[in-house]
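Data block below; observations after.
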Amino acid sequence: MNTRRILTTGALVAAGALVLASCSAGDDSAASGDKEFAGETIVVTSFGGDWEKAFIEAVVDPFEEETGAKVELITLYSADALAQVTAQKASPQIDVVHFSGGQEFTAAQDGLIAPIAADELSESGDLIDLATAGLERGEGPVIQLAPIGLVYNTEADAPAPTSWLDLFDEAYAGHVALTDFSNTYGVLSMLRVADALGGGIDDPSQAIADLGALASSGDAIVVPTSPDLQTAFAQRATWIAPYAMDYAGTLQDAGLPVEFIVPEEGATASLITANVVEGRDNPELAKLFIDFELRPEAQTVFAENMRYSPVNTKAELSGDAADAVLTGDELDNVVVYAPGDIAADRQSWTDEWNALITK
């Protein structure tokens, strides 16, 4: 791990003067120190695995190369990241924190993250509206979008689905996989079913009851994680499952015959946000790092390597990603629920769900 060395603004100015002096004297050794943030280090959370590999390629390496700063990565999933930032509120140790389950809403409410204005992001003019919708709530921008629709086994003895309500079609009985509400994908999928049934987020009880009945009757299995879903398609004769576009790509890469389908009622999405932690010494450097995450080049890497939808309209995709990833106008019909609305009732929904699937 890199040794941290935080420089004050005055020290940075002094360091810059020394660099200029040495350069004017012809000292070639100053070449590595003539970058604005040389000597600075920021601590950034990562989700690990393939995400981290893409993250280093897309953001960390270019950021270090262009700024001279160093990045320390800490692998923390969203709930753990929120817990750590909360515990460190009096003496924060993280500069940029990433969330994928709506935790930015709680973090903003609790004063754990610093607001970012749109004009502080150089890419703001090229971002889809969804990327900056949370800024007015004090949340960081959306840097990646994982659309959630229906993953379909193309070798199934049933037609390709077109609606969220096809989950209840007898043609798929015994071949449905649902995601548990401990996973945000399960909650988001349920809300789209609730919309299709007419109750919506204000009254999803019928959707919870109907999905729970699928599970308790044996017409559907319940999986908690992404690897469990892969097992369901590979070994348990699953034909249809509500899940994310990026993981459909993972299944395809594993050789499974699946495709991602956007239901006629529209997809929803899981959002990954980047947030500046309140109370650190270098918020401007943290904001600059987030700006790098929003660059079209970085967005392209994540779209092509991970099949996330880019939030920067200037991102240009090639190869399979150009056809498989939803971009631009295709994202207009994606229904996104405010994290605060989900947070208010998620526990009660989960309690209803658990009562049904454990019968």
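The values are calculated or read from the model by the stated rules, or taken from the named source; none is laboratory data. Owing to the predicted nature of the structure, the values given are computational and were not obtained by experimental measurement. Here Cβ is always computed from backbone atoms with ideal geometry, including for glycine, and neighbour counts include all displayed protein chains.
With respect to the conditions (1) in a helix (DSSP H, G or I); (2) modelled with pLDDT of 95 or more; (3) touching a Lys or Arg at 6+ places or on another chain (Cβ under 9 Å); (4) surrounded by fewer than 18 Cβ atoms within 10 Å (Cβ to Cβ), A286 falls short on a single one, namely (4). L167 satisfies every condition listed in (1) aliphatic (A, V, I, L, M); (2) over 30 Å from I240 (Cβ atoms); (3) in contact (Cβ under 8 Å) with a residue 12 or more places away in the chain except (2).
Of all residues assigned to region 206-223, none qualifies as being assigned by TED's automatic domain parsing to the domain that holds A315 and in a helix (DSSP H, G or I).
From the list D291, D253, the one residue that fits, being at pLDDT below 95 and either in contact with a Ser or Thr (Cβ under 6 Å, 6 or more places away or on another chain) or farther than 30 Å from L82 by Cα (or both), is D253.
Taking region 321-339 as the search range and keeping residues that are in contact with a Gly (Cβ under 8 Å, 6 or more places away or on another chain) and part of a helix (DSSP H, G or I), which one is surrounded by the fewest Cβ atoms within 10 Å (Cβ to Cβ)? Only one residue tops the list, namely A324. Of the residues making up region 301-320, those that are in contact with a strand residue (DSSP E or B) (Cβ under 9 Å, 6 or more places away or on another chain), touching a residue at least 60 places away in the same chain (Cβ under 8 Å) and in a helix (DSSP H, G or I) are F302, M306. Please determine whether any residue of region 66-73 is among the basic types (K, R) and closer than 22 Å to F37 by Cβ. Yes, the conditions are met somewhere in region 66-73.
The residue list D80, D129 contains one member that is at pLDDT 95 or above and of a type in the set (D, E), which is D80. Based on this model, can you work out whether T45 counts as buried (at least 17 other Cβ atoms within 10 Å of the Cβ) and modelled with pLDDT of 95 or more? Taking the combined requirement at face value, the residue satisfies it. So, T184, is that one among the β-branched types (V, I, T), touching a residue at least 12 places away in the same chain (Cβ under 8 Å) and not assigned by TED's automatic domain parsing to the domain that holds W51 or not? Taking the combined requirement at face value, the residue satisfies it. Within region 121-139, the set of residues being surrounded by fewer than 20 Cβ atoms within 10 Å (Cβ to Cβ) and of a type in the set (S, T, N, Q) comprises S122, S124.
No other residue among E293, E278 is in the same structural domain as S124 (by TED's automatic domain parsing) and within 17 Å of A146 (Cβ to Cβ) apart from E293. Assessment of region 29-37 against the conditions (modelled with pLDDT of 50 or more, in a helix (DSSP H, G or I) and either among the small types (G, A, S) or more than 29 Å from the chain's Cα centre (by Cα) (or both)) yields at least one matching residue. Scanning region 192-213 for residues that are aliphatic (A, V, I, L, M) and either at pLDDT below 95 or crowded, with 21+ Cβ neighbours inside 10 Å (or both) returns V193, A194, A207, I208, L211. Against the numbered list (1) under 11 Å from D219 (Cβ atoms); (2) in contact with a Leu (Cβ under 9 Å, 6 or more places away or on another chain); (3) assigned to a loop (DSSP other than H, G, I, E, B), L178 comes up short only at (3).
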